[in-house]
There are 2 protein chains.
Amino acid sequence: MFQEEKGGAPVKEDMVIASRKNEMLRRASRLLSSAEARRESGLFLAEGARLCRDAARSGISIKQLYYTEAAAEKYPEYLQEIRCHAEQVFQLAEHAAPLLSDTKRPQGIFCVCEMKGQSSQRWVPAREHTLLLEQMQDPGNLGAVFRTAEALGIGTIVLCGESCDVYSPKVLRASMGAVFRLNAKWVPSLKEACDLLKKEGIPVYAAVPDSAAVPVTSVDFSRPSAMAVGNEGNGLSREGIEACTQTVTIPMAGRAESLNAASSAAILLWEMVRGGGSGLAI
Amino acid sequence: MFQEEKGGAPVKEDMVIASRKNEMLRRASRLLSSAEARRESGLFLAEGARLCRDAARSGISIKQLYYTEAAAEKYPEYLQEIRCHAEQVFQLAEHAAPLLSDTKRPQGIFCVCEMKGQSSQRWVPAREHTLLLEQMQDPGNLGAVFRTAEALGIGTIVLCGESCDVYSPKVLRASMGAVFRLNAKWVPSLKEACDLLKKEGIPVYAAVPDSAAVPVTSVDFSRPSAMAVGNEGNGLSREGIEACTQTVTIPMAGRAESLNAASSAAILLWEMVRGGGSGLAI
C-alpha cells in the first residue's frame, strides 16, 4: 500500500548498525549457521543482490533488509526493489557484514526472510508431475535439482526423510532462487510419500542404477507421475523402492556410476516432460 | 615388470619429507595453484585416495606419490595400488600435507602426474558423438559435464577457446576422475572445431536457449554428431553459432534461464544417445 512512498529515494536515513554485538544482528547470524535456529524461528537468511531480489519478487516475506554502503553504491536498483518489500531496513557497517555472510567476498546485501508455508502443513499430492528426493544430503546437488525442476516445469519437490535444509545458504545459492518459486514439501519417509501418491492413483517410479529395471524411455508420462531419486552415496533405500510402483533406469552405454544425482535427476525429469506431457490432468 | 616386487608390502622405508621448504614439495605445490606451472611442466597434482587410485587405474603416469602416516593407516589398499604405478614414493610429514592440498581436511594422499597426450597434438575428429564446450569457466560445471559424458558413453570433449584448466584441482575433483578416462582436446575456437568436424561430414548442433530453434528431440542422432554448449554466463558466441550446422534447443515448459550449463549438457548428451545411437559409424 505504501509501496510508492517506500520505493522512491530513501526519505529518511536508515538506522546504522555498527556493532558486531548488536542483538538483532547476532540473531540473523545464527540463521546462517544453524538449521535449528531456522526451524525454531521459521526464518532464514538470504544473501546477495540477486538472491534477495528473487526473494522479494517471489512474494517471500522479508522481515529485515541489511545493506552496506558499498552495496548501496554498487547495486542501487536491486536495493530499491528489495527495500519496497522489506518490513525493516538497516544499514550495516562494512566490518559487520561477514557476520551474515557465507561467502569470501560478501556483496553486502542480506535479508531475513520468512519460510514459505507452514512446516506443520501436511502434504497433499496434486495431480501433477512430482519429484521425490530421498535423504538428499549434498546442498549443491539439492540446489541444482531445484533449478532443473523449475526449468522443466516440475512444480513440486518432496523431500523424504532426513534431507539437508533447503533454506541453508548453500542450497539457496545453488538453486538461484528456485527454492523461493517451487513448492517444497517434506514427509518423514519415501514410503509415506508413495502411499499418499498411490492413494491418488499417481504412479511412483523408483530410479535405480540397475540395467534390469524398465528403461525410463518406455514409461508413459502422459498422466501425472512421480519420480523418486535417492542420494548420491546410497541411492534409494530398499523400503523406499518397495513402496514405489515400479523401478526404472536410465539406459546408459557408458560408466553408469559416473552419473551424479543432479545429472540423473535432470535426465529423469526431462523424460517426464519430454513428450510434452506436463503431467497435469486435463 | 616389477609390479609384484613393488606391489607387495614395502620392502624398504620410504624417504620422509619433513620440511615444508623441500624443493620437490614446493614444485608439487605450485602445480596445485598455478595453471601456468602445469602447462609448462606438463604435470598436475591429484589429491585424495580415490582420485589418485583412479589416475593409476587409468594408465596416467604417476611421477611421485606422497602420503602421510595417517593416510597409510586409513587407506592401505588404495596406497598399495597407487604405489605399484608410482615412479617415486615419499612419506610426508603431517604438517606439510596442507601444502599439497586444496581441501580443508586433506586425506594425505597426493600424486604428481603427467598430463595425457601432448597439448601440441592437433585434434582430428573421430566418427563418434562429440561434445564441444565453448569458453567453459566454472570448474565445478566442467567436472560435472565430464562425469555425465562418461556415464552416457560420449568419449571426446573438445574445449574451445579460453576454458578453465581441466587439470585444476576443482575440475579433477568434480569430475571424479572422468578427466583421466575421457579424451579431452583443445582447439583455439569453436569455429575451428566446427570447420574440422564439418570437413569430416559430421554435423555440429549449437545449443541455444531460443524457442524458435529446432527442438533437440527432432534431430536424428543415429549418425556421428557434435553438440556445442556455451558457458554459464553468456551461452555460445555469435561467431561460434554461425559456424555450426544448425541451432537446436531444449523445449521447456518452465523457466528456461534456470537450467545451468551442466544440466543442459546432461539433457543434450542424453538426447544424442537416447535412441541407442552411439554415434559410432558402423
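What the table below lists for this structure:
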| item | result |
| --- | --- |
| Reciprocal mean inverse distance between Cα atoms of chain A - Kirkwood radius, Å | 20.1 Å |
| Label point 7 Å beyond Cα along the C-beta direction, distances from B:ARG30 to other copies (nm, shortest first) | 5.0 |
| Acute angle (nearest 10 degrees) that the helix A:76-85 long axis makes with the longest principal axis of chain A, alpha-carbon atoms | 80 degrees |
| Degrees separating the helix B:139-152 axis from the principal Cα axis of chain B, which is the longest one | 70 degrees |
| Minimum Cβ-to-axis distance in chain A for the rotation onto chain B, with residue, whole Å | A:ALA266, 2 |
| Of the trypsin sites (Lys or Arg not before Pro) in segment B:66-117, those whose Cβ has at most 11 other Cβ within 10 Å and which sit in DSSP loop | B:LYS104 |
| Filter on A:LYS170/A:LYS191; B:LYS63/B:LYS116; A:LYS63/B:LYS104; A:LYS116/B:LYS104; A:LYS74/B:LYS170 - keep pairs with C-alpha separation over 24 Å | A:LYS170/A:LYS191; A:LYS63/B:LYS104; A:LYS116/B:LYS104; A:LYS74/B:LYS170 |
| Average projected area [Cα convex hull, segment A:130-273], square nanometres | 7.7 nm² |
| Overall dimensions of segment A:3-114 by Cα: Rg and Dmax, Å | 12.9, 37 |
| Among beta bridges that DSSP assigns inside segment A:130-273, antiparallel share in %, nearest 5 | 5 percent |
| At R0 = 30 Å, FRET efficiency that the Cβ-Cβ distance of B:THR217 and B:ARG122 yields, to 0.05 | 0.30 |
| Theoretical ellipticity at 222 nm over chain B - DSSP helices of four or more residues, -39500 (n - 2.57) apiece, nearest 500 | -10000 deg cm²/dmol |
| Using a 7 Å Cα-to-Cβ projection, B:ASN234 label spacings across copies, nm, ascending | 4.5 |
| Whole-Hz couplings from phi, Karplus 6.51/-1.76/1.60, listed for segment B:28-43; x for Gly and Pro | 4, 5, 5, 5, 6, 9, 10, 5, 5, 4, 5, 4, 5, 8, x, 10 |
| Residue with peak Gaussian network fluctuation, chain A [Cα springs, cutoff 10 Å], from A:ARG173, A:ARG105, A:ARG39 | A:ARG105 |
| Per-copy distances of the B:GLN88 label point, shortest first, in nm (7 angstrom along Cα→Cβ) | 6.2 |
| Distant alpha-carbon pairs in the protein assembly as shown (separation over 33 angstrom), percent | 51 percent |
| The protein assembly as shown: antiparallel DSSP beta bridges as a percent of all, rounded to 5 | 25 percent |
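All of the numbers you see were taken from the coordinates with simple rules; none came from a lab. It should be emphasised that the depicted structure is a prediction, and the values quoted were computed from it without experimental measurement. Cβ atoms come from the backbone with ideal geometry, glycine included; neighbour counts cover every protein chain shown.
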